Every structure is written in C-alpha cells, then in structure tokens.
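The values are calculated or read from the model by the stated rules, or taken from the named source; none is laboratory data. Just so it is clear, the structure is predicted and the values come from calculations on it, not from any experiment. Using ideal geometry, Cβ is built from the backbone for each residue, glycine included, and neighbour counts are taken over all protein chains shown.
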Amino acid sequence: MKIGIVCYPTFGGSGVLATELGKALAQKGHEVHFITYQQPVRLDRFDPHIIYHEVQVPTYPLFDFPPYETALASTMVDVIKNRQLDLLHVHYAIPHASAAYMAKQILAKEGIHIPVITTLHGTDITLVGRDKTYAPVVTFSINESDAITAVSQNLREETYKYFAITKEIEVIRNFVDVNRFSRKPIDAFRKAIAPNGEKLLLHASNFRKIKRVTDVVRIFANIKKELPAKLLFVGDGPERSTAEDLSRELGVCNDILFVGKQEQMEDILAIADIFLLTSEYESFGLAALEAMAAGVPVISTDAGGLAEINIHEKTGFLSPVGDVATMSNYALRLLKDEKLLNTFRKKAHQQALQFDIHTVIPTYEKLYERFLSKNK
Ligand code: GMT
C-alpha cells in the first residue's frame, strides 16, 4: 500500500505514535509518505520505503499568520496525485482533518478518490478542539473522514460527549515497541545521576499545565523525607520554570535533574525505578506505556484513559488528580520494598506486551484494507 501520514513532527505523543506507525508499516513493505512541516523527531533512520515531504509555508508581508492549513492541503494534493497514494491517515484533528477534507474535495474534482482516516489523540478533542473557535470545523472534518479512530475507549466517549459525531469511532489503542524498550540499564548513567545508590524517579512530558508537574515535585519532596532519592525530569515546556522554582522552595533542587528534551528514552527508562504521571487528563498516556515496556511501574492519576493501561496494584497505582499524599505513599510503598517493586516491574512489562507494536499494526492494516477494497 502507499500510505500518506500527516502528523505533528514534535516530541508529543501523537507525533511519536504516527511516526512509529509509519516506520513499522515501512518495515512491512508499505510505501510511507510523511507530510509535515519538519522532519518528525522519531524519524531517525534511513528507510528506502519512507519518503518525507516537507510542507513549505511561504511568508508574505500581508500574512500575520502564514496559512499552514492551505499549504498542507496543497502538499497533500501534490503528494497524493503524483505518488498515487492509496490513502491518507491524519493524526490529531486540528488542522490535519480539515486540510485532508479540502485535499479530498480538490482531488475528487479530478476523479481521484482518496480515503481519509483520522486518528484522534486527546487534546485535539478534550482541550483545543472543544474551544468554540475550532469546534464547528473539527466536528465537520471528523464527520467527513472515511474512518475515525480514537486511541482509547475514554477518548471515544469524550468525543461523542462533546461533538455531534454521526459516525462510528473505532478504538485502536496506542502501541509500543516493547523490544526497543527492553534495555539493560547502563550502570555509568545510573551512577552519574544517583551515585550513592539513591532510588530514581522519572517524569517525562511537554510540561504543559495539564501535566501538573508541580505535583511531581511535591511527591518527590515527600519521598525525600523518608529515603535517599533522585528525580529526573525529561522534556520541556511552559511549566518547567515553575517546577524548578518549587524545587528550590522545597529544598530538593539538588536532587532533581532537568535534562530537557531527549531522544533516547529507552536508555533513560532503563535506569528508572518509578515513572510519575500526575496529569489532569491523558487520553492514553503513551509515556506511561513506554515506561511499562521498560519494566518501570507507573504511579499516575486515574484521569482519562490512564486506567486502560496502568492497572491499579499491579503495574503501578492510580490516584485521584491532585492527591499528592496518596501518590507519595504509593511511591514509598514500592521504593521501600524491593521484592514488591520487582513484582510490579514484571507486571508492568507483561501489561505493555498487550500493546506491543506487532499486535496493533495489523489492526491498522486491516482498517486500511477495508477502504482500499471499497475504492476498487
Ligand atoms: O500529552 C500531550 O500533551 C501531547 C499529546 C499529543 O497530541 O501529542 O498527547 C496526546 O496524545 C498521546 C498519543 O496518542 C496520548 O498518549 C496522550 O495521552 C494525549 N495527551 C492528552 O490527552 C493530554
């Protein structure tokens, strides 16, 4: 198949998932065309089955806001027509689904019928998409997609709750390459961060308000009162400086390392004892799944779709949003009991296997095939 993938090229979960999907499809022999404004961060290796098309957005003195969506739709038309794509799979509704609708209509006038599949990822529905500035366009373009998928049951329900969706939304949960994350810890890394055998906690995100990163700092400060520990913050975003300020205020800044955006998450996860995810909402929580694939138990909130991956008392613990005391106690329970921590480690890894890339990719292929046979 010749598949076009449109996504955000950044570290965000939707871009990571879309890129990993494209890479996996290419490995299975499909021809994959990424259409986006920048090379996706996870597109890190040459593969002759992958072609990257950069969307150029020319500037003009008149444009205070260069029209990316128009440039994207035009690039879609060009790639679909000239590379004879079989279908277009767009990740994150805004503005990808509406640009795809525009491209589809332009091509239809030329007798080219391209199926469009839209995968909803989270904030495109729960946060940004619901804003009335975007909602009518989001609703329309989702309904005009040939197929709609959501990354969790929770996101499917949220979408029906907030938008007048007239079509079936299929749930295809996110996946992880468990093999990639099953790394042996690099002792030198662990020693550099925790030289005296301290326990190592980890948080990775885009540091947006929704992640509640200050809760992570507060949990860590509670843990520090009882045992020697270090905390690694991976990623960057608007709340980073607030988290840094709080760590100074609580007197734990010397035990917290903010390392910024990192590509080699598998090496970082391999040295961690616990992954903390304190979000107010997560449609899925891909970062938590990657942690579990690396055998790292997750202490998270019970928001959104997190309970669909993190199993309470097995792969980690779930707590109400903002319940710092309970999350601290759960973390201490694991960190003080090596045997229990190891049991949770195994269970987390086992649970991740259910979301392994090799089980989920065929589901996407089957979905694609349904639309290809319809078009023949
Ligand atoms: O978490 C973010 O803020 C990034 C965002 C994105 O669209 O890249 O992540 C969303 O999609 C991920 C991949 O499907 C999910 O794992 C995240 O849970 C979801 N984020 C939210 O719902 C807040």
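What the table below lists for this structure:
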read-out	value
Residue 24 being touching a residue at least 60 places away in the same chain (Cβ under 8 Å), assigned by TED's automatic domain parsing to the domain that holds residue 115 and either within 26 Å of residue 283 (Cβ to Cβ) or under 26 Å from the mean Cα position of the chain (by Cα) (or both)	yes
Condition met for residue 150 (closer than 15 Å to residue 4 by Cα, buried (at least 23 other Cβ atoms within 10 Å of the Cβ) and not β-branched (Val, Ile, Thr))	no
Scan of the stretch 101-124 for residues that are modelled with pLDDT of 95 or more and in contact with a Gly (Cβ under 9 Å, 6 or more places away or on another chain), ordered by number	114, 120, 121
Condition met for residue 189 (outside the structural domain of residue 118 (by TED's automatic domain parsing), over 24 Å from the mean Cα position of the chain (by Cα) and of a type in the set (Phe, Trp, Tyr))	yes
The listed residue being more than 22 Å from residue 370 (Cα to Cα) and either modelled with pLDDT of 90 or more or out of contact with any helix residue (DSSP H, G or I) (no Cβ under 7 Å at 6 or more places or on another chain) (or both), out of 25, 21, 43	43
Selection count where residues are without any contact (Cβ under 8 Å) to a residue 60 or more places away in the chain and either surrounded by 13 or more Cβ atoms within 10 Å (Cβ to Cβ) or farther than 30 Å from residue 126 by Cβ (or both), scope the stretch 67-113	28
Residue within the stretch 194-210 that is exposed (fewer than 13 other Cβ atoms within 10 Å of the Cβ), touching a residue at least 40 places away in the same chain (Cβ under 8 Å) and either farther than 21 Å from residue 129 by Cβ or touching a Gly at 6+ places or on another chain (Cβ under 7 Å) (or both) present	no
Residue in the stretch 132-142 that is out of contact with any helix residue (DSSP H, G or I) (no Cβ under 8 Å at 6 or more places or on another chain), more than 18 Å from residue 284 (Cα to Cα), at pLDDT below 95 and part of a loop (DSSP other than H, G, I, E, B) present	yes
